[in-house]
1. Please determine, by comparing only the residues of the range 85-100 that are in contact (Cβ under 8 Å) with a residue 12 or more places away in the chain and part of a loop (DSSP other than H, G, I, E, B), which one is surrounded by the most Cβ atoms within 10 Å (Cβ to Cβ).
2. Just to be sure I understand the filter: pairs with C-beta atoms under 8 Å, separated by 6 or more residues or on different chains, first member in the range 43-66 and in the same structural domain as ILE81 (by TED's automatic domain parsing), second member part of a helix (DSSP H, G or I) and exposed (fewer than 13 other Cβ atoms within 10 Å of the Cβ). Which pairs pass?
3. Does the range 78-96 contain any residue that is of a type in the set (A, V, I, L, M, F, W, C) and over 12 Å from the mean Cα position of the chain (by Cα)?
4. With respect to ALA15, is the statement that it is touching a helix residue (DSSP H, G or I) at 6+ places or on another chain (Cβ under 9 Å) and closer than 21 Å to ASP78 by Cα true?
5. Considering each of ALA103, ALA82 in turn, give the residue that is assigned to a helix (DSSP H, G or I), surrounded by 12 or more Cβ atoms within 10 Å (Cβ to Cβ) and free of Cβ contacts under 8 Å to residues at least 40 places away in the same chain.
6. Of all residues in the range 106-128 being of a type in the set (S, T, N, Q) and within 16 Å of ALA70 (Cα to Cα), which is surrounded by the most Cβ atoms within 10 Å (Cβ to Cβ)?
7. Can you name every residue in the range 7-26 that is closer than 18 Å to THR42 by Cβ and among the hydroxyl-bearing types (Ser, Thr, Tyr)?
8. Only one residue in PHE32, PHE17 is in a helix (DSSP H, G or I), in contact (Cβ under 8 Å) with a residue 24 or more places away in the chain, surrounded by 13 or more Cβ atoms within 10 Å (Cβ to Cβ) and among the aromatic types (Phe, Trp, Tyr), so which one is that?
Amino acid sequence: MKLIEYDDASPEARAIFDDIMRVRKTDRVNNFWKALANDPATMRRTWQSIQEIMGPGALDPVMKELLYIAVSVTNGCDYCIATHTAAAEKKGMTPEMFTEMMAVVGMANETNRLVTGYRVPVDEELKR
């Protein structure tokens, strides 16, 4: 998929680029958005969703980024790991937070596979 640069973007994609740069207080957009500029409708929908989900809520901003990294590690998305690690660091993630989160990710993946392999039934008192 071709990465669409700002000067080559459609007016709709360019407006989203502008909004991303305004919200993030930067003069550039990353390659994810350049790829999505091939489909401005998906780009707009994704940008709106990310703002809603990653914006203020019950979870603090660093926790949201740590969760995003954890899922990205499990899914093997190197790009998302890189971008959300950088975002988490900007929001205050420490190296200790990262290594502890990675330990949890590793343990969760290991025990998930064991439970799946052994086909362990859910305890009655844990069912909702």
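1. Pass one, the range 85-100, residues in contact (Cβ under 8 Å) with a residue 12 or more places away in the chain: 85, 87-88, 91-93, 97-98.
Applying the additional criterion that residues be part of a loop (DSSP other than H, G, I, E, B) yields 91-93.
Working: LYS91: 14, GLY92: 11, MET93: 21.
The selected residue is MET93.
2. LYS64/ILE53
3. Going residue by residue through the range 78-96, those that are of a type in the set (A, V, I, L, M, F, W, C) are 80-82, 86-88, 93.
If we keep only those that are over 12 Å from the mean Cα position of the chain (by Cα) too, we end up with 93.
The answer is yes; a qualifying residue exists.
4. Details: touching a helix residue (DSSP H, G or I) at 6+ places or on another chain (Cβ under 9 Å): yes; closer than 21 Å to ASP78 by Cα: no.
Here the answer is no, as ALA15 does not meet what is asked.
5. Details: ALA103 fails: surrounded by 12 or more Cβ atoms within 10 Å (Cβ to Cβ).
The match here is ALA82.
6. Taking the range 106-128 as the starting set, the residues that turn out to be of a type in the set (S, T, N, Q) are 109, 111-112, 116.
Filter again for within 16 Å of ALA70 (Cα to Cα), leaving 109, 111-112.
Working: ASN109: 13, THR111: 11, ASN112: 11.
Top of the filtered list is ASN109.
7. Listed by number, the list holds a single entry, SER10.
8. Working: PHE17 fails: in contact (Cβ under 8 Å) with a residue 24 or more places away in the chain.
One residue alone meets the criteria, PHE32.
The values are calculated or read from the model by the stated rules, or taken from the named source; none is laboratory data. Every value quoted in this text rests on a predicted model; they were computed, and no experiment measured them. Using ideal geometry, Cβ is built from the backbone for each residue, glycine included, and neighbour counts are taken over all protein chains shown.
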